[in-house]
Amino acid sequence: MNKKKLWSLGVMLILVLSTILAACGGADNKDTGSKDTSTGGDSASGGGAKTLVYGRGGDSVALDPAVVTDGESFTVTANIYETLVNFGDRDVTIQPGLAKSWEPSEDGLTYTFQLQEGVKFHDGTDFNAEAVVKNVERWKAGGDKHPYFSSQFVVGDKQVIESVTAEGDYTVVFKLSQPQAPFLKNLAMSPFAIASPTVFEANEEGLSTDPVGTGPFKFVEWKRNDSITIEKNPDYYIDGFPKLDKVIYRSIPDNSVRLNDLTTGAIDVADGLSPSDKASIEANSKLQIIERPSMNVGYLGLTVTRAPFDNVKVRQAVNYAIDKQALVDAFYEGLAEPAKNPMPPVISGYNDDITGYEFDPEKAKALLAEAGYDGKEIELWAMPVPRPYMPDGQKVAEAIQKNLADVGIPSKIVTFEWATYLEKAQNGEADAFLLGWTGDNGDADNFLYTLLDGDNIGSNNYTFYDNPELHKIFVDAQTEIDEAKRNELYKQAQEIIHADAPWVPLAHSTPILGASSKVSNYIAHPTGSDRLDAVDIK
Amino acid sequence: MLHYMGRRLFQLIPVLLGMSFIVFMLIRAIPGNPAQVILGQQATKEAVEALNASLGLDKPWYTQYFSYLGGILQGDLGVSLRTKLPVSEEIFPYLAATAELALFAMIIAVIIGVNAGIISAWFQNSWFDYLAMVIALIGVSVPVFWLGLMEQWAFSIKLNWLPNSGRENVRDPITAITHFYLLDTLIQGRFDQFIEVLKRLVLPGLALATIPMAIIARMTRSSMLEVMRSDYVRTARAKGQKMFIVVYKHALKNAIIPVLTVIGLQTGLLLGGAILTETIFSWPGIGRYIYEAIGFRDYPVIQSGILVIAFIFIMINLIVDLLYTVIDPRIKYK
């Protein structure tokens, strides 16, 4: 029997060893990050190739920026294509892009752009006025295929861009049917990037899988749900850029796995980290934190058509009842500031004169008594997914539940799967719900009108708040091209919203990225689409 | 035999038909509209309606269902609402990624599971038997999610033996030909990449193998115990034949039938149930493909994805049934 036992042990050992050996075969050439760039044997990049591996939560939907709406798609297309005008490196000011300069007419109805000369698309097509005209005509003809074009440049049934014409090789004239204040900011958005007309005229759908722009990087390969590879455009029109030879975007859905990959050097940049990861990145000398300027707002919406929030006093009471500072401290790891307006301070037109509702449970109770609130339980909706503006909806909801209970509002936390959550909230089925918004083009209109105007009930105005006076201000502001007058209008609007209190604005968060300390010049842009032309890696 | 196969394949039709119908109705019962999800929070009401119409989602359900069925009969699995690519074209790389992982996991599970089961049965009530069965019990109960993260922590972060996630070293990408990367690297004669792919299969493979391994071990053990009490094994032993021969030549052949059934069922389950493993190890497989499609209400992908998995599941079980006749000639299908 003893012999048999030995034998069994032997068999077991062989089994275990054989698996481990299979596992560790060739363990000597470990995957230790950038070391592999030189041993990779990739003939195209050669020995000293600088490759940046960028880890993110999800894959792109398509690589034709005109047809998508998701941030992950724009993250990649922003480096393959370029827009006529650019946002600033760190802000949303308007800078030259494919257009060297531009001139609006006095009445704001005509914009004349002078284009960069000598620029070529990756397929060799010349970039010129004709190419711009063809792109705009493509967007105009696209209808619901180009969702951002219809949301930014179509009002009702009317196209804001009436016509676009080429005057000479490098001059393009846009004629508008009505003045549009955020016109240039809209054009700077990723969806309005200029693609090679040769490609989309031959096969429009092809652009989604084989993107061709003028940008610093050329498309190489897309392995779905896995990686997208782009490489240096050697003919890029700005000398010395890009610095990197290759960028690989990897989809790593799990946040903690992405952080692990960053720690082991398998990736060089990790996007979309949780605020709670900040400490472990800071503790690691091989890593650095990159902060993205805040352009978002997280809020608690109060559906104004539902009792008890049809009473403005109850809404104000809720504003007094919630301890925003405590929320920021507990769930955003200090990577946020408490909000008092429905838009972040970086947006021009922000009204800093407004005094936010301070945390004052006594005042809240008094207001509730005045309103004659009956103590009926409300539903408090918690977001099921983390977003930069709301890192943990469930926990934030629990804290708010406690705040509300303290002033005598009993609540029940409810949650749904994300698509369901949005649809039900959009139908006005929620009493109070957590949600937020990240700005698209850095314009006040994109926050205030989009989220709080009566026109947008049924889309992004989830609280069903509708104030005719406010609506008039918004409409005036949309066509007002004098920046100062326009900002004044938005300041006025924020006062009205503050008094009506359809929301409890909670926080403006600072999203973070983690990067290897070998990465330099990485500038995270508030819009979330980072241009990597200046980024370098040791 | 051929007649049997024909009958089995014929039975596939009502099964898949029923399946397609149930899935079709179920996913439409969940709230959340694909057009809304595709267009995102920015969308206007008109845009959502327009997109709904252009996707054909405004038509009554039976019109949608029959046009979907009609498409399938012509080999058309529909077009992804999200990426606008034909599902039949899109699905293969995902399927290959999962199949490679599942096969690898099943090989581990079968080798270890069957052998552990045999040894446990042979040395019934020995320390090995107790240990193996305790491990098997833990194996079926441990959450895959937790196991995966622990594996990463131990073998990747602490020991730095194996890569943490992904199918390939993206800095040295593999040219996909068949999308089975082990095969692709061999075709191209890239042995270094072959090792790389193998290393990346180990951690998710082990995580995925744990449950089937445990089930197979327990099944093998009980099946072997039964066989070993039979006369012919006793005779073989009495003749003084080597234990190895008795076990692997005589006993296993009769004990393996129920084990084979379990292996077939588990392989099918692995194909569809790999979502957690695929998420933790950033594996671009079919589980994640369908899971994400559910989040986006990408109806054609969900419908066809589940249908394809169901089809493979049924085929695997058919193959298992046919293998019975090879292993045990007494089994005959009419």
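Quick notes on this one:
- Within segment A:201-212, the residues that satisfy the criterion of being within 14 Å of another protein chain (Cβ to nearest Cβ) and part of a helix (DSSP H, G or I) are A:206, A:207, A:208, A:209.
- Selection status of residue A:433, part of a loop (DSSP other than H, G, I, E, B) and either over 17 Å from the mean Cα position of the chain (by Cα) or over 30 Å from residue A:186 (Cβ atoms) (or both): no
- Of residues in segment B:173-185 being free of Cβ contacts under 8 Å to residues at least 60 places away in the same chain, in contact with a helix residue (DSSP H, G or I) (Cβ under 6 Å, 6 or more places away or on another chain) and assigned to a loop (DSSP other than H, G, I, E, B), the one nearest to residue B:94 (Cα to Cα): B:177
- Candidate set: segment A:442-464, residues that are among the aliphatic types (A, V, I, L, M) and either surrounded by fewer than 23 Cβ atoms within 10 Å (Cβ to Cβ) or within 12 Å of chain B (Cβ to nearest Cβ) (or both); chosen: the one farthest from the chain's Cα centre (by Cα): A:457
- Lone unmet requirement of (1) in a helix (DSSP H, G or I); (2) away from chain B (no Cβ under 14 Å); (3) among the hydrophobic types (A, V, I, L, M, F, W, C) for residue A:413: (1)
- Checking each residue in segment A:213-233 for being free of Cβ contacts under 8 Å to residues at least 40 places away in the same chain, within 8 Å of chain B (Cβ to nearest Cβ) and either part of a loop (DSSP other than H, G, I, E, B) or not β-branched (Val, Ile, Thr) (or both) picks out A:221, A:223, A:227.
- Scanning segment B:285-310 for residues that are under 23 Å from residue B:143 (Cα atoms) and crowded, with 24+ Cβ neighbours inside 10 Å returns B:285, B:286, B:287, B:288, B:289.
- The residue pairs whose first member lies in segment B:52-65 and is under 17 Å from residue B:303 (Cα atoms), whose second member is of a type in the set (Lys, Arg), and whose beta carbons are closer than 9 Å, counting only pairs six or more residues apart or on different chains, are B:61/B:28; B:64/B:28.
- Yes/no for residue A:196 being within 14 Å of chain B (Cβ to nearest Cβ) and among the polar types (S, T, N, Q): no
- Helices (runs of 4 or more DSSP H) contained in segment B:1-112 and holding at least 3 residues open to solvent by 60 Å² or more (accessible area, probe 1.4 Å): B:2-29, B:45-54, B:61-73
- Unique residue being open to solvent by 10 Å² or more (accessible area, probe 1.4 Å), modelled with pLDDT under 95, on the phi > 0 side of the Ramachandran plot and away from chain B (no Cβ under 14 Å) when the list is A:156, A:168: A:168
- Top-ranked residue of segment B:150-172 - restricted to ones that are assigned to a helix (DSSP H, G or I) and more than 7 Å from chain A (Cβ to nearest Cβ), ranked as farthest from residue B:94 (Cα to Cα): B:158
- Counting the residues of segment B:129-145 that are open to solvent by 20 Å² or more (accessible area, probe 1.4 Å) and either over 30 Å from residue A:270 (Cα atoms) or within 12 Å of chain A (Cβ to nearest Cβ) (or both) gives 10.
- Scanning segment A:246-276 for residues that are among the polar types (S, T, N, Q) and either open to solvent by 10 Å² or more (accessible area, probe 1.4 Å) or more than 8 Å from chain B (Cβ to nearest Cβ) (or both) returns A:255, A:256, A:260, A:263, A:264, A:274, A:276.
- Residue A:421 meets the conditions (1) outside any strand (DSSP E or B); (2) over 20 Å from the mean Cα position of the chain (by Cα) in every case but one. The failed one is (2).
- Residues satisfying the stated conditions in segment A:500-522, i.e. over 18 Å from residue A:532 (Cβ atoms) and either free of Cβ contacts under 8 Å to residues at least 60 places away in the same chain or touching a Leu at 6+ places or on another chain (Cβ under 9 Å) (or both): A:500, A:501, A:502, A:503, A:504, A:505, A:506, A:507, A:509, A:510
The values are calculated or read from the model by the stated rules, or taken from the named source; none is laboratory data. Values in this document were obtained by computation on a predicted structure and should not be read as measured data. Counting neighbours? That spans all protein chains shown, and the Cβs are built from the backbone with ideal geometry, glycine included. These area figures cover heavy atoms from the full protein model, side chains too; ligands, DNA and RNA do not enter into them. Shrake-Rupley method; radii C 1.70, N 1.55, O 1.52, S 1.80 Å.
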